[in-house]
Amino acid sequence: MIEIALSRLHFPVTTLGPGKRIGIWLQGCSIRCPGCISADTWAAGRHTTTIGEVMGALQKWLRIADGITVSGGEPFDQSLALVTLLKAIRGEFSGDIFVYSGYPFEKLHSELSAADGLIDALMTDPFVAGMAQSLPLRGSDNQRLHLLTSLGADRFAPFTVPSSYAPKFDVMFDEDGSVWFAGVPSQNAFRQIAASLDLEGHRVSTSEDKGPSSKGVAP
Ligand code: SF4
């Protein structure tokens, strides 16, 4: 049985690709870009479950979702689990599959061979804080969008050019009252939110997780 470390599942997500999407955030990232907004997903080996459990949880959304976005964390740090999950999804889902990775495309050759036909659109390369951010779905303009299938080309072509893009994110509330975000905000959005709340007398803390990664890379 193949295990997978999962941070979160959510539907609908409207800011990580076209339409109403299922968001799958995997747990664990050895890349650890300075300024990453998903630092709570860095620590590896936590929140492990099985592919079967994940597929069971997705069932109620697979009929109504337009697409699925897999992010993290770094999905390819769990390459075998990722490919196994994508195969299972592909067998039951006709929408598009979009995956984020912080690795350069050129370093994913063997992983992408194993995932041939399973990923319609792939965003690669690490987030670089301070770099221009003019393109959709990217935290920084060095990140490259690869359209790997005809479905990916159909759905994601509008995201290859700046057009009228403005960074945006969904805001969600968990049952315990914590707030979390999905999407790609502008690089200073969270600082502005924190400053606004501070002016109102609120204290803001984040769930940054600097626990050890499976590859031992320091944050
Ligand atoms: S690869 Fe993604 S999740 Fe990992 S640190 Fe960079 S932006 Fe964050």
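Go through segment 127-154 and report how many residues are open to solvent by 40 Å² or more (accessible area, probe 1.4 Å) and among the basic types (K, R).
Selection size over segment 127-154: 1.
Those residues that are buried (at least 21 other Cβ atoms within 10 Å of the Cβ) and small (G, A, S), I need them from segment 92-118; list them, please.
G95, S101, G102, A115
What number of residues within segment 36-51 satisfy the criterion of being over 15 Å from the mean Cα position of the chain (by Cα) and either within 10 Å of the ligand (Cβ to nearest atom) or of a type outside the set (A, V, I, L, M) (or both)?
6
Determine if segment 114-136 includes at least one residue that is of a type in the set (A, V, I, L, M), on the phi > 0 side of the Ramachandran plot and either modelled with pLDDT of 95 or more or touching a strand residue (DSSP E or B) at 6+ places or on another chain (Cβ under 7 Å) (or both).
no
Read through the list (1) closer than 21 Å to S30 by Cα; (2) modelled with pLDDT of 75 or more, then give the number of the only condition that T160 fails.
(1)
A quick yes/no check of all residues on (1) outside any strand (DSSP E or B); (2) open to solvent by less than 10 Å² (accessible area, probe 1.4 Å); (3) at pLDDT 95 or above; (4) within 16 Å of the ligand (Cβ to nearest atom):
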site: A5; (1), (2), (3), (4): no, yes, yes, yes
site: R8; (1), (2), (3), (4): no, no, no, yes
site: E53; (1), (2), (3), (4): yes, no, yes, no
site: A65; (1), (2), (3), (4): yes, no, yes, no
site: T69; (1), (2), (3), (4): no, yes, yes, yes
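Do you know which residues across segment 71-94 are outside any loop (DSSP other than H, G, I, E, B), within 12 Å of the ligand (Cβ to nearest atom) and small (G, A, S)?
S71
Only one of G17, G73, G28 is more than 18 Å from F98 (Cα to Cα), buried (at least 17 other Cβ atoms within 10 Å of the Cβ) and under 12 Å from the mean Cα position of the chain (by Cα). Can you tell me which?
Exactly one of G17, G73, G28 is more than 18 Å from F98 (Cα to Cα), buried (at least 17 other Cβ atoms within 10 Å of the Cβ) and under 12 Å from the mean Cα position of the chain (by Cα), namely G28.
Among what's in segment 163-173 and is at pLDDT 80 or above and exposed (fewer than 13 other Cβ atoms within 10 Å of the Cβ), pick the residue that is nearest to G35 (Cα to Cα).
Selected residue: V171.
If a residue has to be of a type in the set (G, A, S), in a loop (DSSP other than H, G, I, E, B) and surrounded by 11 or more Cβ atoms within 10 Å (Cβ to Cβ) to count, how many in segment 179-203 make the cut?
Of the residues in that region, 1 qualify.
Six or more apart or on different chains, Cβ under 8 Å: which pairs go from a residue in segment 118-132 that's over 22 Å from A81 (Cβ atoms) and of a type in the set (F, W, Y) to one that's open to solvent by 10 Å² or more (accessible area, probe 1.4 Å) and near the ligand (Cβ under 10 Å from one of its atoms)? Could you list them?
Every condition considered, the pairs that remain are F127/C33; F127/G35; F127/C36; F127/G102; F127/G139; F127/Q143.
Among the residues of segment 14-47, which ones are assigned to a strand (DSSP E or B) and either of a type outside the set (V, I, T) or modelled with pLDDT under 95 (or both)?
If the condition is that a residue be assigned to a strand (DSSP E or B) and either of a type outside the set (V, I, T) or modelled with pLDDT under 95 (or both), then R21, G23, W25, L26 are the ones that fit.
The values are calculated or read from the model by the stated rules, or taken from the named source; none is laboratory data. Since the model is a prediction, treat every value here as computed from it, not as a measurement. Positions of Cβ are generated from backbone atoms using ideal geometry, with glycine treated the same way; all protein chains shown enter the neighbour counts. Protein only, heavy atoms only, side chains kept; ligands, DNA and RNA dropped before computing areas. Shrake-Rupley method; radii C 1.70, N 1.55, O 1.52, S 1.80 Å.
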